[in-house]
Amino acid sequence: SGARAPLTAGPLSRRCGLAGGRSYSGGGGGYPSVSLSCPLPGVPQAVFAASGGRERFETRVTVLENGLRVASQKKFGQFCTVGLLVNSGSRHEAKYLSGISHFLEKLAFSSTAQFGSKDEILFTLEKHGGICDCQASRDTIMYAVSADAKGLDTVVNLLADVALQPRLSDEEIEMTRTAIRFELEDLNMRPDPEPLLTEMIHAAAYRNNTVGLNRFCPVENTDKIDREVLHSYLRNYYTPDRMVLAGVGIEHEQLVECAKKYLLGAEPVWGSGQTKDVDRSVAQYTGGIVKVEKDMSDVSLGPTPIPELTHIMIGLESCSFLEEDFIPFAVLNMMMGGGGSFSAGGPGKGMFTRLYLNVLNRHHWMYNATSYHHSYEDTGLLCIHASADPKQVREMVEIITREFILMAGAVGEVELERAKTQLKSMLMMNLESRPVIFEDVGRQVLATNTRKLPHELCDLISQVKSTDIKRVVTKMLHKKPAVAALGDLTDLPTYEDIQAALSSKDGRLPRLYRLFR
């Protein structure tokens, strides 16, 4: 209650050393000796946090009258991350010029109706110690700001203005064209071909549809995309029912108030006419091969040049992140693991994963073997990327096809438990970061209108059995493969041979009979 308790010499006070006894410090001043395990007189009772109070950490979601969803997650700290996620990306560009999302990503946080320039926006954010970023993927575009939680009103006002009132001046569009041309040039010159291969494997797996459409703007489209083209796209896809305002580290009621103030009834600069061309196509997995013959001998020169390598990526259709099989596929991806042949580190770095033990440790000439899992709301793709000397391409492809076949074999109890533990620890460690929590909240609410909490996901991971892995792999191996190949492809096996290897019992390529080797 806060009222001062009388210092009586009762049992409690005796036990707590308050019965008139004095302890003397070396300085000569005497103080009553008080045991720290007893309540202090005159001090209000402490309230302790309990581990069972999970409901306080649940993600709260409110839907506004215009269909906009507002989602928030509490997190201790002075700063917050708030952003707007839009269900719009390169997969929706079938009826438009390819590359619009790439343009929108580069044009984000430029001049708007309220802010005259990008510098003005950055200056406004600096007052609240803020930074901003925009990222476009195949199915989502995300405008995010991290700033002091006291500046929430300014942040939401800024986000609404950036998303709904961009000026898209001729000068800004011209600068964006230059930036995109430079990025495309840089993409082809990088020593790391992973972004390029990811594009190619998607194009092979989903030929000319949805997630198979190009994420980067083709060079020939840079001059064709202008304000009119962008407005016609924005009119259809930047509607409130396709948006989520997500926040981490703020009070839900505050965020809802700001959303009502700046996003409810806000008139976008392109007008609020009826949407007519929204692409709701479901991804059609086709399988296939995309090859790019390229001289990789001079990719990385200098005192320690990277040797000439040929890169191969083989993928098979998995499942969407909305299906129950998503968790077994995530465990399988962790179990395969892999990485570069020079990656240092212990078990936590994946040194006991299959692609390390069976591939990189046994075949010294392999430079890389890594497993990737791409998942979307209606499909998914599990791939293995490998790189080696051009003369050993055939052998490398056979090693990868063999690993795909072995996935359907026996799964050791130890390796399964290790993969599950690794997946859980990766999930929990990533979710310690505020921007990662923000993205997780935003993406889950955008796709499902709710959010699975980390402890629920960990429970689902714990339940995965070796029979689940075998079941999902068997189903996956019945699909046609998707293949992406980059570099010197003289010795690359035909697509039919790769398909035959993945349909065989041991994953071996059909034998080649040559008179002269």
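The values are calculated or read from the model by the stated rules, or taken from the named source; none is laboratory data. Since the model is a prediction, treat every value here as computed from it, not as a measurement. Cβ coordinates were reconstructed from backbone atoms using ideal geometry, including for glycine residues, and neighbour counts include every protein chain displayed. What goes into the accessible areas is simple: the full protein's heavy atoms, side chains included, and nothing from ligands, DNA or RNA. Shrake-Rupley method; radii C 1.70, N 1.55, O 1.52, S 1.80 Å.
Assorted remarks:
- Test: Asn333 is of a type outside the set (A, V, I, L, M) and over 23 Å from the mean Cα position of the chain (by Cα): no
- Output for segment 463-486, where each listed residue is under 30 Å from Val248 (Cβ atoms) and either surrounded by 14 or more Cβ atoms within 10 Å (Cβ to Cβ) or at pLDDT below 95 (or both): Val464
- Qualifying position, being within 23 Å of the chain's Cα centre (by Cα), more than 30 Å from Arg69 (Cβ to Cβ) and not in a strand (DSSP E or B), among Val473, Val436, Val464: Val464
- Residue count, segment 255-277 (criterion: hydrophobic (A, V, I, L, M, F, W, C), over 18 Å from Val155 (Cα atoms) and in contact (Cβ under 8 Å) with a residue 60 or more places away in the chain): 1
- Test: Arg138 is assigned to a loop (DSSP other than H, G, I, E, B) and of a type in the set (Lys, Arg): yes
- Unique match (being closer than 22 Å to Asp279 by Cβ and open to solvent by 30 Å² or more (accessible area, probe 1.4 Å)) among Glu183, Glu199, Glu228, Glu174: Glu228
- Within segment 101-118, the presence of a residue that is free of Cβ contacts under 8 Å to residues at least 40 places away in the same chain, open to solvent by less than 10 Å² (accessible area, probe 1.4 Å) and either part of a helix (DSSP H, G or I) or closer than 16 Å to Asn236 by Cβ (or both) is excluded.
- Filter pass, Leu460 being of a type outside the set (Ser, Thr, Tyr), open to solvent by 60 Å² or more (accessible area, probe 1.4 Å) and not assigned by the TED database to the domain that holds Glu317: no
- Residue check: Thr239 meets all listed conditions (1) under 30 Å from Tyr495 (Cβ atoms); (2) crowded, with 19+ Cβ neighbours inside 10 Å; (3) polar (S, T, N, Q) but one, namely (1).
- The set of residues in segment 77-100 being open to solvent by less than 40 Å² (accessible area, probe 1.4 Å) and either among the β-branched types (Val, Ile, Thr) or part of a strand (DSSP E or B) (or both) consists of Cys80, Thr81, Val82, Gly83, Leu84, Leu85, Val86, Ile100.
- Hits in segment 270-285 (condition: open to solvent by 50 Å² or more (accessible area, probe 1.4 Å) and at pLDDT 95 or above): Val282, Gln284
- Filter pass, Arg443 being crowded, with 18+ Cβ neighbours inside 10 Å and not in a helix (DSSP H, G or I): no
- The set of residues from segment 379-415 being farther than 21 Å from Asp468 by Cβ and either at pLDDT below 95 or open to solvent by 40 Å² or more (accessible area, probe 1.4 Å) (or both) comprises Asp389, Lys391, Gln392, Arg394, Glu395, Arg402.
- Condition check for Phe123 on (1) open to solvent by 20 Å² or more (accessible area, probe 1.4 Å); (2) in a loop (DSSP other than H, G, I, E, B); (3) of a type in the set (Phe, Trp, Tyr); (4) free of Cβ contacts under 8 Å to residues at least 60 places away in the same chain: one failure, at (2).
- Residue tally, condition part of a helix (DSSP H, G or I) and closer than 19 Å to Gly339 by Cβ, over segment 187-222: 6
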